[in-house]
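Below is one structure; the comments refer to it alone.
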Amino acid sequence: MKFNVNQQDLQQALNYCQGVIEKRTTLPILSNILLDVSNSKLTITATDLDLIFIHQLNNVEILEEGKTTTTSSIMYDIIRKFNSGKKINLSLTDISKLQVESEKSIFNLNCISATEFPLTDENFNQNEFIIKSKQLLKLLNKCKFSVSNDETRHYLSGIYFHQTEVDDKNYLTAVATDSHRMSISKVRLEEKIDFDPIILPKKTIFQLCSLLDSYDGDVKVSNVKSKVKFELNNSILISKLIDGKFPNYIQVIPKNNQKKLEIDLKLFLNSVDRVASVSLDKKDGVKFNLSKDTLDLSVNNTNSGDGKETLSVKFDHDLEISFNSRYLIDVASQLDGDRVEILFNDTGSPALIKDPGDFDSIFVVMPMKG
């Protein structure tokens, strides 16, 4: 095996692999990436057995075909320290050594035979649909911060994707909740699709986000029983799904929140962020004291002190309610418009947050007892 590749191309591919490979693994082969040079391209594969990432580089000069595996983290560390954009020569000098050479540097890395690399070949031909990368990224970004970290309720530790129908229009809808807050976002589908509901695991969500961040184009999504596959231009991500039943989230959406607060998004975000600074562990609630067109925000911490700000808002009622500042900041950071609308019922009931810049996303936040 012998080939030449551009430093930047290889660095980007290896960077993606870092997100898949587990740092502490008992199987040495799982710390390795599979390098396969054939059919005039380099294919790089990384897996943790639950998630498989495959990336193809076409801009490769191949002198001799072949395949091997070597430690992902070490190779990535070396490649990213080479001068940007330079040519890198790689060759398998003997069965267990990969020579990596660029400019005046030569490294010989230990290899494990490619035959030991776990590869599964599955047929994903059924149930596929196409979605624009930016639309899929939107669904992930609007929901990922609401995913639960509670290991005991594994069915909440991912984003629930399913098809919904509203007024004869079809949508791909994403939902996440940790039972203190909930995100719901949807994108319009051109037609009804053949798609079984899935719960996408957290690690897959973050890996997919990093791929979609630097990709603009179509994504082909297909799922079979317990796995889902995302195909981008030069990358494929195959993931196991979370096995479990997502709760009926519709009944959690507040129906009778009539008290509407309208406020400038940036002012609100900055103000909550500032006031929350006085609380060290961010566990202290931000208290909302609302009256006619005025919002007083305050945080009181027995150890560090208190802070208060007053904002001009549009509001017609009197209400006192407290929230976890982190939850408000997470939601507000993902809104598209210049304003935010928060709809309340009473002190003990969940608030509904809407984005005038995106009617297809809503957020529910539980108040803090206080």
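Applying the set (1) β-branched (Val, Ile, Thr); (2) at pLDDT below 95; (3) over 26 Å from Asp121 (Cα atoms) to Ile95 leaves exactly one unmet item: (3). Of the strands (runs of 3 or more DSSP E) lying entirely inside region 184-279, those containing at least 2 residues that are touching a helix residue (DSSP H, G or I) at 6+ places or on another chain (Cβ under 8 Å) and either among the small types (Gly, Ala, Ser) or in contact (Cβ under 8 Å) with a residue 60 or more places away in the chain (or both) span 218-224, 235-240. Put simply, of Leu90, Leu139 the only residue that is touching a Ser or Thr at 6+ places or on another chain (Cβ under 6 Å), surrounded by 13 or more Cβ atoms within 10 Å (Cβ to Cβ) and touching a residue at least 24 places away in the same chain (Cβ under 8 Å) is Leu139. Quick check on Gln258: is it in the same structural domain as Ser325 (by TED's automatic domain parsing) and either polar (S, T, N, Q) or under 24 Å from Thr173 (Cβ atoms) (or both)? Criteria met by Gln258. Of the residues Ile88, Ile159, Ile79, the single one that is out of contact with any Asp or Glu (no Cβ under 9 Å at 6 or more places or on another chain) and in the same structural domain as Gln11 (by TED's automatic domain parsing) is Ile79. Just one of the listed residues (Ser291, Ser312, Ser279) is of a type in the set (S, T, N, Q) and modelled with pLDDT under 95, and it is Ser279. Of the residues making up region 99-128, those that are at pLDDT 95 or above and in contact with an Asp or Glu (Cβ under 8 Å, 6 or more places away or on another chain) are Phe107, Ala114. In region 274-295, what residues are surrounded by fewer than 19 Cβ atoms within 10 Å (Cβ to Cβ) and of a type in the set (A, V, I, L, M, F, W, C)? Those that are surrounded by fewer than 19 Cβ atoms within 10 Å (Cβ to Cβ) and of a type in the set (A, V, I, L, M, F, W, C): Val278, Leu280.
Just one of the listed residues (Ser102, Ser113, Ser146, Ser96) is over 24 Å from the mean Cα position of the chain (by Cα), buried (at least 18 other Cβ atoms within 10 Å of the Cβ) and of a type outside the set (A, V, I, L, M), namely Ser102. So is Phe344 surrounded by 14 or more Cβ atoms within 10 Å (Cβ to Cβ), under 16 Å from Lys260 (Cα atoms) and not charged (D, E, K, R) or not? In short, yes.
Looking across region 111-157 at every residue that is among the hydroxyl-bearing types (Ser, Thr, Tyr) and assigned to a loop (DSSP other than H, G, I, E, B), the one that is farthest from Ala176 (Cα to Cα) is identified as Ser113.
State whether the residues of region 329-339 include one that is surrounded by fewer than 16 Cβ atoms within 10 Å (Cβ to Cβ), more than 29 Å from Ser148 (Cβ to Cβ) and modelled with pLDDT of 95 or more.
Scanning region 329-339, I find at least one residue that is surrounded by fewer than 16 Cβ atoms within 10 Å (Cβ to Cβ), more than 29 Å from Ser148 (Cβ to Cβ) and modelled with pLDDT of 95 or more, so the answer is yes.
For Ser271, the conditions (1) hydroxyl-bearing (Ser, Thr, Tyr); (2) surrounded by fewer than 18 Cβ atoms within 10 Å (Cβ to Cβ); (3) over 28 Å from Thr164 (Cα atoms) are fulfilled apart from (2). Cβ-Cβ distances below 6 Å connect the following pairs, each with a first residue in region 43-63 that is within 19 Å of Leu27 (Cβ to Cβ), a second residue that is among the basic types (Lys, Arg), and a separation of six or more residues or different chains: Asp50/Lys240.
The values are calculated or read from the model by the stated rules, or taken from the named source; none is laboratory data. Computed from a prediction, not measured in an experiment: that's the story for all the values here. Cβ atoms come from the backbone with ideal geometry, glycine included; neighbour counts cover every protein chain shown.
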